[in-house]
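This report refers to the structure that appears directly beneath it.
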Amino acid sequence: MTTLAFNPRATGYPPFSALVTLDGAPYRLTAMWNLYRFEWYISLADQSGNLVVNQPLIGSPPDSNIYLAPGVFTTSTLVYRTSLAQFEIEP
């Protein structure tokens with residue numbers, strides 16, 4: 001498992017962005033603050049910039065997983081662990 005700290009920067013655009021590997025391929029994970037809903041949204045785009053996922057950032061509790069891209073990837077999973085402020089990626 002790979003962990004990635006979620007440290008958005010108020011002055012950055014986008015505030016949070018990282019390259020992650022899912023199902024053996026690189027994807028750009030981006031998090032943006034939605035001013036109207038007052039919550040974070042994430043998107044995943046492939047190498048060509050094609051949007052694969054765009055949804056609210058849903059946090060998982062310590063004892064269970066809420067997958068952020070269910071049914072999109074064959075072997076990989078992506079979870080956001082709220083208590084640790086980090087993404088967890090299973091390749």
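The values are calculated or read from the model by the stated rules, or taken from the named source; none is laboratory data. Everything quoted here is computed from the prediction, not taken from an experiment. Backbone-built Cβ (ideal geometry, glycine too); neighbour counts: all protein chains shown.
Computed values, structure above
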{"item": "Within the chain, strands (runs of 3 or more DSSP E) holding 1 or more residues that are within 11 Å of the chain's Cα centre (by Cα) and without any contact (Cβ under 8 Å) to a residue 40 or more places away in the chain", "result": "16-22, 25-34, 39-45, 51-56, 77-81"}
{"item": "Candidate set: segment 1-51, residues that are at pLDDT 95 or above and acidic (Asp, Glu); chosen: the one farthest from Phe73 (Cα to Cα)", "result": "Asp46"}
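Conditions (1) of a type in the set (Val, Ile, Thr); (2) surrounded by fewer than 11 Cβ atoms within 10 Å (Cβ to Cβ); (3) closer than 24 Å to Met1 by Cβ, marked per residue:
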site	(1), (2), (3)
Pro14	no, no, no
Ala18	no, no, yes
Leu22	no, no, yes
Tyr27	no, no, yes
Met32	no, no, no
Ser43	no, no, yes
Gln47	no, yes, yes
Asp63	no, yes, yes
